[in-house]
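Written out below as structure tokens is the structure these notes cover.
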Amino acid sequence: MVNIKQLNPASSPQAAFGARFRKFREDRGWTQDVLAPKIGYSSQHISAVETVRKPPTLRFSRKSDLAFGTTGTDESFEREYMEMRNGSLKEGFPEYVGYEGRAVELRIYNLGLIPGLLQTPDYARAVAYGHVERGSITYEQADQRVEFLAQRQEALVRSQPPMVFVVMDESCLHQAVGGPEVMNAQLRRLEEVSARPNWIIQVAPFSLGERRAFFLPVNLLTMADRSIVAYAESQAQGYVERETSLVAPMFTAYHQMQGESLSKTASAAKISKLRKGTP
């Protein structure tokens, strides 16, 4: 008889993940050998995750969701992984990222800071360490945030990449983060990404004033089935909205703000001019 290691799900978030994963596998009558080719991992790797000898990864979680049919559901392993891995993130954000990685169109608005998906590692690290200096997170959590952001950015690199629309309040370009060298590299990255055919980056000038549609960061997603999702956050928490009647007006407001913002060409010129004024 095979000796099956008993797990205590309450002992740690990773143990809870492993125990639930094992239950899902066994409920379907699958051995580890049967599941292995379905998710692209060896049976030894699956065993190690189930028995907490190896931590799950974002890729492992997503492949598991595909095999178990839990993608985008409340039982999603990706969602559990992100909640486990990124406990320092705002409530609602891990759920949003699960949608972001599968969206076919992204519409992003930010103010004060360059949007995360456009941040360089040094810029992102400076932002995260700023939270450490204020005592809101630890250095370990800051490093986790930077790593998580890199994973989000990598998720957009696909054979059929999503169309990404970005409107940045002009304040994003003038907020000094990490020093002149970091800002110079960050502005250069904006120039490089803006030249890609699937990215439209616009600057909402200060002169927009009271016509600015949003006064907090907002992310709007269009999924492959044309359903729409919104994510907004305050200083304290984030919130995912999937009700079409509530999300559609946000799309309308976003489109109006795009029309009032600088064009893609004018925005790129503004960014370039600002960068040349830095070291």
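The values are calculated or read from the model by the stated rules, or taken from the named source; none is laboratory data. Everything quoted here is computed from the prediction, not taken from an experiment. Every residue, glycine among them, receives a Cβ derived from its backbone with ideal geometry; neighbour counts consider all protein chains shown.
Details
- There is at least one residue in region 121-137 that is farther than 23 Å from residue 98 by Cβ, hydroxyl-bearing (Ser, Thr, Tyr) and within 17 Å of the chain's Cα centre (by Cα).
- Sole exception among (1) at positive phi; (2) in a strand (DSSP E or B); (3) not β-branched (Val, Ile, Thr) for residue 178, by number: (2)
- Single residue of 224, 195 found to be under 19 Å from residue 102 (Cα atoms), out of contact with any Phe, Trp or Tyr (no Cβ under 8 Å at 6 or more places or on another chain) and surrounded by fewer than 18 Cβ atoms within 10 Å (Cβ to Cβ): 224
Okay, residues lined up against (1) of a type in the set (Asp, Glu); (2) more than 20 Å from residue 271 (Cα to Cα); (3) touching a helix residue (DSSP H, G or I) at 6+ places or on another chain (Cβ under 8 Å):
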residue	(1), (2), (3)
103	no, yes, no
107	no, no, yes
110	no, no, yes
113	no, no, yes
118	no, no, yes
121	no, no, yes
129	no, yes, yes
133	yes, yes, no
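- No other residue among 207, 234, 194, 261 is closer than 18 Å to residue 113 by Cβ, without any contact (Cβ under 8 Å) to a residue 40 or more places away in the chain and assigned by TED's automatic domain parsing to the domain that holds residue 113 apart from 234.
- Leading residue by the ranking (surrounded by the most Cβ atoms within 10 Å (Cβ to Cβ)) among those in region 237-257 that are touching a residue at least 40 places away in the same chain (Cβ under 8 Å) and more than 22 Å from the chain's Cα centre (by Cα): 257
- In region 203-222, of all residues being part of a strand (DSSP E or B) and of a type in the set (A, V, I, L, M, F, W, C), the one that is nearest to residue 109 (Cα to Cα) corresponds to 218.
- Any hit, region 181-188, residues being more than 30 Å from residue 78 (Cα to Cα), part of a strand (DSSP E or B) and at pLDDT 95 or above: no
- All positions within region 162-192 that are crowded, with 20+ Cβ neighbours inside 10 Å and among the charged types (D, E, K, R): 169
- The residues in region 87-143 that are basic (Lys, Arg) and not in a loop (DSSP other than H, G, I, E, B) can be counted, and the count is 2.
- Helices (runs of 4 or more DSSP H) completely within region 6-56 that count 2 or more residues being crowded, with 17+ Cβ neighbours inside 10 Å and in contact with a Phe, Trp or Tyr (Cβ under 8 Å, 6 or more places away or on another chain): 13-27, 43-50
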